[in-house]
Structure formats: C-alpha cells, structure tokens
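Structure, as structure tokens:
Derivation of every value follows stated rules applied to the coordinates shown; laboratory data play no part. Small disclaimer: the values here were computed from a predicted structure and weren't measured. Here the Cβ positions follow ideal geometry from the backbone for every residue, glycine too, while neighbour counts run over all protein chains shown.
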Amino acid sequence: MALTTSQKAVDFITLHAHPAALSTEHTANNGWLKVETLPGKGRGFVAKRDIPAGTVVYTARPLAVAVSQEWIPETCAWCFAFSYPKKMRVKSTHTKNIMFCSSECSSSFYQQGYKHEAELILRCYHALDHVKTTSTTTFSLVDIIPTPPSKDCSDTQLAAWLDEAWSIVSATAPSDTWTPDRGEKTMCRLIAACLARKQCQQENCLLSDVIGFEQLWEMQCNELACVRAMLQEKVPLQLIEIMHLYLYLSSALAGILDCPHALFRAIYFREAANSFGLWEMPHKSQDGMDQGVTDDQELLGWGIYPSAVYFNHACNANIIKIRDGRNMRFIAKVDIASGQEACISYGSVGESVQERRARLLEHYHFWCECTRCKTESSS
C-alpha cells in the first residue's frame with residue numbers, strides 16, 4: 001500500500017513496514033505465495049507461480065476471536081455458525097457470553113490453544129460480565145492529561161506525550177459513570193483472548209501448531225498515525241474513550257491477567273486496522289464461487305489473523321477472503337501471474353474514488369494509489 005497525503009509526504013515504510021522475521025505459517029501454509037519487499041509498500045504477498053482463478057491460495061488461523069455482543073445467543077463461539085432467529089442450543093456452564101452449535105464445537109473450544117487457555121478466557125469473560133466499580137472519582141480524564149503536542153509534532157514527541165499521558169491515566173481508578181457499549185464489550189473480550197494466549201504460552205512449553213502471541217508483533221501498530229489524526233482537538237476525546245476502555249478492562253481482569261497500558265496499546269492499535277470482521281456466511285453464485293460481504297449479512301464478530309497481514313489492499317483486488325468456520329480462506333478471483341502481488345480489499349469498494357480514499361485514510365492511515373484509484377482519479 002502506497003501512502004501519499006495532500007499535506008505532506010510520509011515515509012510509509014518507516015511507519016508501516018512489517019518486521020523482517022517471518023513465522024513458519026507464512027512459508028509453510030502452501031506453495032502459492034511468498035513474501036517480498038514491494039516498492040513503496042513494505043512487505044506483501046506475491047504469487048510464486050501462475051495461479052488459476054478459484055484457487056485457495058492461503059488459509060489463516062486466528063490468534064484470537066470474539067463474537068459480537070449483539071449476536072452472542074445466535075452465534076457459535078467456535079465455528080461462528082449463525083442460527084438467527086433461533087438461539088444456539090449448547091450453552092457454556094461458565095458464562096452467558098458463550099454459546100455453541102454442537103457438543104463438538106464446545107469440545108473444540110475447550111481444547112484450543114495452550115493448556116487451561118479456554119478456562120482462562122472464560123474467567124475473563126465472566127469478570128467482564130460482572131464489573132463492579134467503587135471509584136469516587138470526581139474529575140475527568142481530560143483534567144489530568146497533559147496538553148497534547150501539535151498535529152505536526154515529530155513521532156518522538158508524540159510517543160513521549162502518549163507514554164506520559166497513559167502513565168498518568170493507568171494510575172487512576174476507573175470511572176463509575178463510564179460503561180462500554182456493545183462494540184467496546186466485544187473489543188474487551190477480543191483483547192482478553194489475546195492476553196490469555198500470551199499468559200498461557202508463557203506457562204507452557206511452545207507448541208508449534210498454536211498461533212503464538214509473538215506473531216501479533218508482525219502486525220503494524222497504528223497508534224501514532226491514529227492519535228495524530230485525533231490531534232485536531234485540544235484533548236482527543238476518542239483517545240479519552242480508549243483510555244476509559246483500558247481502565248475498565250484492567251479493573252475487570254485484575255487478579256486474572258496482567259495488562260499494563262503498554263501491552264493494551266500494543267494490542268488495541270494493531271487490532272484496530274488489522275483485524276477481520278467475521279461475517280455471516282455468504283451466498284453461492286451461479287458458478288459456485290462464494291460472494292463477498294453483502295448488505296444483508298450480519299457482522300458476527302472479529303478475529304485477529306497475524307499471518308494474513310501480508311495481504312495488502314487494492315480497490316480492484318485479485319483475492320477474496322471467505323470465512324471458513326473461524327479460519328479465513330483467501331481465494332484467487334482471477335488468474336494471477338507469477339510475481340504479481342496478491343491483494344484483498346479492505347472493506348467496501350463500491351464508493352467513488354474520493355470516498356474510498358477518505359475511508360482508507362481515516363481507518364487504515366494510507367492514501368490508496370492502486371491502479372483503479374489512479375485510473376478513476378485521472379478520468
């Protein structure tokens with residue numbers, strides 16, 4: 001993905017390039033793709049050889065998933081089967097926020113990851129369902145955070161201000177007047193699942209078939225770019241909301257999982273631009289190919305797939321991603337020549353070029369220069 005803004009040129013590779021180290025999942029998944037450094041884009045998947053249309057070129061497994069708060073009763077917490085308007089028939093005995101479509105999926109959930117990982121996740125879910133705040137805080141976080149630097153400050157200055165602000169906030173009791181909305185509750189469970197994987201991985205010997213927490217570091221962190229976009233305000237209210245979310249989460253998980261603010265930020269600002277929505281399964285077209293997300297499908301949850309971060313964006317993507325249970329399959333939409341980049345689309349691409357570029361800049365922090373955008377912007 002190339003980054004160009006109307007305000008100033010930014011070194012995209014410095015801000016967004018992926019680390020050089022690759023996990024075994026990237027090279028061992030199959031023989032269709034390889035990771036290469038691409039001019040102006042950092043690292044990305046390219047075809048190792050000619051790929052026929054319809055080929056499943058990659059399958060990614062999640063580090064963590066979470067069912068959307070509003071669809072918990074109708075969604076299997078393991079395979080994400082969707083039964084609306086009927087509720088899932090297998091319940092968890094640990095928390096109301098887990099339902100399954102079958103005993104097999106329930107067993108798979110409890111056997112996931114490292115030893116005792118599922119039990120730890122459920123403890124977190126239960127704690128998040130029963131948060132009790134005893135704070136008598138009478139001041140706002142806005143009152144205690146130092147004045148932020150200007151939007152044009154250096155990355156070093158912005159990072160220093162963020163560290164100071166977060167250190168002050170982390171010593172503050174959570175507000176008894178702030179409660180998360182549905183989306184924020186889902187985010188809490190997703191972050192808790194990441195933290196549970198990290199803790200259980202540290203307590204157990206390394207298992208080669210489990211997605212390790214360290215793979216999260218292969219995902220680009222967008223904290224500086226995200227916060228810089230908020231600095232039009234005196235104190236970014238969106239950042240205040242994220243800080244409230246942290247205080248809520250860390251208070252709920254106290255005594256269960258360690259969650260210093262630096263770790264929370266590392267997960268949150270990677271998830272924000274790198275997670276995949278887990279949608280209701282698409283319909284089949286006449287040629288048997290799965291279709292992408294349509295307006296009549298429901299967003300059932302979110303997943304973090306570290307090994308898939310090398311699929312860059314294009315508005316005329318040659319790869320489509322399809323959910324397969326809790327995994328993601330990446331399928332060639334057209335014939336792809338050897339050496340050609342394999343790209344997916346980040347969200348809807350049905351808008352005008354101006355709307356697409358504005359959305360991608362706001363949510364993913366890059367200005368799209370794909371061939372479709374270049375063609376449409378010059379016509």
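Close amide H partners of TRP279, meaning residues 5 or more places away or on another chain with modelled amide H under 5 Å apart, are LEU300.
Arrange the following residues from fewest to most other Cβ atoms within 10 Å of their Cβ: ILE98, ILE331.
Fewest-to-most Cβ neighbours within 10 Å comes out as ILE331, ILE98.
Take every Cα pair under 8 Å whose residues are at least 6 apart in sequence, average their separation, divide by the length of the stretch 115-276, and the relative contact order is 37 percent. With neighbour counts taken as other beta-carbon atoms within 10 Å, the residues ARG359, ARG49 rank, fewest first, as ARG49, ARG359. With neighbour counts taken as other beta-carbon atoms within 10 Å, the residues CYS343, CYS205, CYS153 rank, fewest first, as CYS205, CYS153, CYS343. Ratio of Rg to Rh for the stretch 115-276: 0.97 [Cα atoms; Kirkwood radius as inverse mean 1/r over pairs]. 3J(HN,Hα) along the stretch 51-56: 10, x, 4, x, 6, 7 Hz, from the Karplus curve 6.51 cos²θ - 1.76 cosθ + 1.60 with θ = phi - 60°, whole Hz, x for Gly and Pro.
Rounded to the nearest 20, the size of the Cβ-charge dipole of the chain about its Cα centre is 540 debye, with Lys and Arg at +1 and Asp and Glu at -1.
With unit charges on the beta carbons (Lys and Arg positive, Asp and Glu negative) and the dipole taken about the Cα centre of the chain, which residue among LEU249, LEU195, ALA358 sits farthest to the positive side? So the residue furthest toward the plus end is LEU195. Under 12 Å from the Cβ of PRO146, count the other residues' Cβ atoms, weight Lys and Arg +1, Asp and Glu -1, and hand me the total. Net charge around PRO146: -2. For the stretch 85-183, the set of chymotrypsin sites (Phe, Trp or Tyr not before Pro) satisfying both a DSSP loop assignment and a count of at most 10 other C-beta atoms within 10 Å is given as PHE139. Converting the Cα gyration tensor eigenvalues of the chain into ellipsoid dimensions via √(5λ) gives semi-axes, longest first, of 32, 29, 19 Å. Inter-part distance, the stretch 76-94 to the stretch 141-209, computed on C-alpha centroids, equals 30 Å.
Helix check for the chain. Which DSSP H runs span at least 20 Å along their own axis by Cα, with a mean Kyte-Doolittle hydropathy no less than 0.5?
Once both thresholds are applied, what remains is 237-252.
The relative contact order of the stretch 40-115 comes to 21 percent, based on Cα pairs under 8 Å that sit 6 or more residues apart. Between CYS315 and CYS370, ARG372, CYS373, the built amide H atoms are under 5 Å apart, and every one of these is 5 or more places off in sequence or on another chain.
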